[in-house]
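The values are calculated or read from the model by the stated rules, or taken from the named source; none is laboratory data. Predicted model, so just to flag it, every value in this text is computed and none were measured. FYI the Cβ positions are ideal-geometry reconstructions off the backbone, even for glycines, and counts take in every protein chain you see.
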Amino acid sequence: RAKQSRHTRIALYSEELIDNIAAFVSTENRIRRGLKENEFIAHYQPQVDMHSGRIVGAEALARWQSHDRGLISPAEFIPVAEETGLIDQLGRSILSQACSQILEWQRAGIRLPLSVNISGRQFAVPGFVDQIQGIIGESGINPAQLELEITEQVFLEDMDEATDKLWQLRDLGVSIAIDDFGIGYSSLSYLKRLPFNTLKIDRTFTRDICEDARDVAILRAILSLSRDLRLNTIIEGVETKAQKKLLLRLGCERAQGFLFHQPLPAAELTSLLLKR
Ligand code: C2E
Ligand code: MG
Ligand code: MG
Ligand code: MG
């Protein structure tokens, strides 16, 4: 009897596995179709100076405007896009949308720097730097208007190659931000070796600062590190006035969070910028 129940369990597991694989393949196919039909669009979340409330930049965030399922968030498609390598094409599309947006705003007399996320998989593609150079060159924007956000993921595999690529990107004139800072597993020594301009503190550090003194201690240390390394600092995930107040007291100025703005469709951000 024991044997039989084990078989049943195995059968159940494999059924589940098949279901998972089927779901994965179907998502992959839908992403492929979505890419062909330009359903992936950039929304933009403003970054603000918390003292003045002024918008000082924005981050491009991919959204999937699916013809049959509405607006789909990155949590549902980025992992599959990473796994299948489709993130490369997706990332290029978001980058060129961001470049066009910079130009469009420029024509309207608005100057707003944009950040674009680069996945580890996209970064690792041979010819990645040429690809970025091509997109920027074609668009005709001033590269100083653009910041690329990378995570520790990109230099865990081959530190030397990643260092080379990052310096080549800097030579193109773009800035580099380290995203989700503080939640990775690598040592801090990379901060010394790699040419970052900006450090984005992950939102897990913001979440509990009003309740947990240990989070305040960690945040204080990160802020002081970032300042001493002469990096720009952005704090992610500010949701409440109390958090804002505390962060300002800690000397944090630049923030991104739902308290200020959600990620917005380009047109909505444009009218916001024109009003100011
Ligand atoms: P990320 O780069 O760290 O982007 C910030 C995420 O935090 C965004 O989620 C944003 O909507 C969310 N966020 C901002 N303020 C708050 C807040 O106050 N509270 C909370 N709870 N969340 C806040 P989103 O748009 O869902 O994107 C999730 C992740 O997906 C991004 O994290 C990024 O890693 C990835 N992603 C999004 N677009 C792209 C893309 O074009 N390329 C690549 N490679 N990755 C992307
Ligand atoms: Mg980011
Ligand atoms: Mg982040
Ligand atoms: Mg993230």
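Of all residues in segment 165-203, which are assigned to a helix (DSSP H, G or I), modelled with pLDDT under 95 and either out of contact with any helix residue (DSSP H, G or I) (no Cβ under 8 Å at 6 or more places or on another chain) or within 16 Å of ligand 2 (Cβ to nearest atom) (or both)?
Kept after step one, since they are assigned to a helix (DSSP H, G or I), are these residues of segment 165-203: 165-172, 190-193.
Add one more test, that the residue is modelled with pLDDT under 95, and what stays is 190-193.
Result: Lys192, single match.
So that you can scan it fast, the table gives a plain yes or no per residue for (1) loosely packed, with under 14 Cβ neighbours inside 10 Å; (2) modelled with pLDDT of 95 or more; (3) closer than 28 Å to Gly257 by Cβ; (4) among the acidic types (Asp, Glu):
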position: Arg6; (1), (2), (3), (4): yes, no, no, no
position: Ala11; (1), (2), (3), (4): yes, no, no, no
position: Phe24; (1), (2), (3), (4): no, no, no, no
position: Glu37; (1), (2), (3), (4): yes, yes, no, yes
position: Met50; (1), (2), (3), (4): no, yes, yes, no
Hey, among Ile218, Ile222, which residue is within 16 Å of ligand 3 (Cβ to nearest atom), without any contact (Cβ under 8 Å) to a residue 60 or more places away in the chain and in a helix (DSSP H, G or I)?
-> Ile222
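What number of residues within segment 144-159 are part of a loop (DSSP other than H, G, I, E, B) and more than 16 Å from ligand 3 (Cβ to nearest atom)? Step through it out loud before you land on a result.
Within segment 144-159, the first condition is being part of a loop (DSSP other than H, G, I, E, B), and the residues that meet it are 151-152, 157-158.
With the extra rule that they be more than 16 Å from ligand 3 (Cβ to nearest atom), the set shrinks to 157-158.
The qualifying residues number 2.
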Just one of the numbered conditions (1) at pLDDT 95 or above; (2) outside any helix (DSSP H, G or I); (3) more than 16 Å from the chain's Cα centre (by Cα); (4) of a type outside the set (Asp, Glu) is not true of Ser115; which one?
-> (3)
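Here's the yes/no breakdown for (1) at pLDDT below 95; (2) away from ligand 3 (no atom under 16 Å from the Cβ); (3) of a type outside the set (Ser, Thr, Tyr); (4) surrounded by 18 or more Cβ atoms within 10 Å (Cβ to Cβ):
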site	(1), (2), (3), (4)
Ile94	no, no, yes, yes
Gln131	no, yes, yes, no
Glu138	no, yes, yes, no
Glu161	yes, yes, yes, no
Considering (1) in a helix (DSSP H, G or I); (2) within 16 Å of ligand 4 (Cβ to nearest atom); (3) not aliphatic (A, V, I, L, M), say which one Gln106 fails and leave the rest.
-> (2)
Counting just the residues of segment 53-64 that are surrounded by fewer than 21 Cβ atoms within 10 Å (Cβ to Cβ) and modelled with pLDDT of 95 or more, which one comes out nearest to ligand 1 (Cβ to nearest atom)?
-> Leu61
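Test of understanding: among Ala177, Ala242, which residue is farther than 30 Å from Ile72 by Cβ and either hydrophobic (A, V, I, L, M, F, W, C) or surrounded by fewer than 17 Cβ atoms within 10 Å (Cβ to Cβ) (or both)?
Ala242
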Within segment 75-98, identify whether any single residue is more than 26 Å from Asp180 (Cβ to Cβ) and either among the hydrophobic types (A, V, I, L, M, F, W, C) or out of contact with any strand residue (DSSP E or B) (no Cβ under 7 Å at 6 or more places or on another chain) (or both), and answer yes or no.
-> no
